[in-house]
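Structure record follows, encoded as structure tokens.
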Amino acid sequence: MSHDTLSDVLRSVRLRSALFFYVSCRGKWAAEAPPSREIAGAVLPGADHVIEYHVVTEGECWAAIVGQSPLKLRRGDIIMLPQGDPHVMSYAPGMRANPYTSAYYEMKHHYRPFLVTYDSDGQPQVIPRTGNQAASDDDASTKLVCGFIGCDMRPFNPLIATLPRLLHLSGDRGDAWSEQFVRLAATESTSRRPGSEALLERLSEMMFVDAVRRHADSMPEQSTGWLAALRDRFVGRAMALMHEKPSEPWTIDELGKQVGLSRSALHERFVELIGQPPMQYLTNWRMQLASRLLRDTQSSVAAIALEVGYDSEAAFARAFKRLVGTPPATWRRMQGELSGASEEDAGAASTAHLGTGAE
């Protein structure tokens, strides 16, 4: 497949990251993170969706989506929560953090990082992260680097829904790129040299793309979903054509001719893999491209309509409103207002770091 459809989608949904923090854990500890939607506005203002991840740079620990079986992590392991599930990180399996501590309230409302430990009586104790604990890090049993990756979900993001609730990148594989990421994440998170935040942001985005590719490579042959469709000989090629030339007057007959399938066979294969027919997928993708042009350029609505394959502004406006819920011009104005508010929120958020908290 000559056209890189995955890169197309990743660029379109504005993949971005922010707010890294370095956590030293000692004793009997557990920390619990709420659903990412509850903290999205604080960690990545303006992002529709937030994915949290954790990198084990020293020691070992356990991770679990709340209500699911725990997974043991060792040095070099990376986990990601693509669906934004509430989850627990702890020194032993099956633990939950106490949701009634004062630090929980602080976490939820002021987004200050902290750790939860347990004393000899089994009572939770909170250790705030003040930024000057480096001297005591030597006795930590486990060290983590944690962060957040944001993306747009609207109008159309076919990738996130096809990812599992928990992605585990094992350090045992000896993957050179992952090893380098773990090493750099640990170094840059603790040193805080000029440019560290920008470097970590780019690294985490690369790590996410690598995680998606590794997940796709490991999927069974009979898998369904958008990633499975990408590697399908016929559907993947049809998707690549639509992504490469979205303004073309594609029909299912023409797509079938291009990929070597009948009209009915292509339709059936598309629906089987990604749950929608080719022409609906094309419309959704055109609206995603249009939303990016509306937000990021000064082009007129009429010019954008032509660029994404519509002969008239009226036809484009109807299609856009049907999928997004508002006319293109209204959506553009709303995005401008949200962008201004997000910049103010980001300025406030940049003065604080967010740690995992009790839910």
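The values are calculated or read from the model by the stated rules, or taken from the named source; none is laboratory data. Remember, predicted model here, so these are calculated numbers, not experimental data. A quick note on method: Cβ atoms are made from the backbone with ideal geometry, for glycine too, and the neighbour counts reach across all protein chains shown. Areas reflect the complete protein model, heavy atoms only, side chains present, ligands, DNA and RNA absent. Shrake-Rupley method; radii C 1.70, N 1.55, O 1.52, S 1.80 Å.
Whenever a residue of segment 39-56 is outside the structural domain of V88 (by the TED database), it has no partner that is open to solvent by 10 Å² or more (accessible area, probe 1.4 Å) and part of a strand (DSSP E or B) lying with C-beta atoms less than 9 angstrom away and at least six residues away or across chains.
Considering segment 7-32, and only residues there that are part of a strand (DSSP E or B) and at pLDDT 85 or above, the residue that is surrounded by the most Cβ atoms within 10 Å (Cβ to Cβ) turns out to be S17. Just one of the numbered conditions (1) open to solvent by less than 30 Å² (accessible area, probe 1.4 Å); (2) farther than 14 Å from S247 by Cα; (3) of a type in the set (G, A, S) is not true of S300: (1). Going residue by residue through segment 260-268, is there one that turns out to be crowded, with 18+ Cβ neighbours inside 10 Å and outside the structural domain of L167 (by the TED database)? Checked against the condition, which is being crowded, with 18+ Cβ neighbours inside 10 Å and outside the structural domain of L167 (by the TED database), segment 260-268 yields at least one hit. Taken over segment 303-323, the residue count meeting the criterion of being open to solvent by 40 Å² or more (accessible area, probe 1.4 Å) and part of a helix (DSSP H, G or I) is 9.
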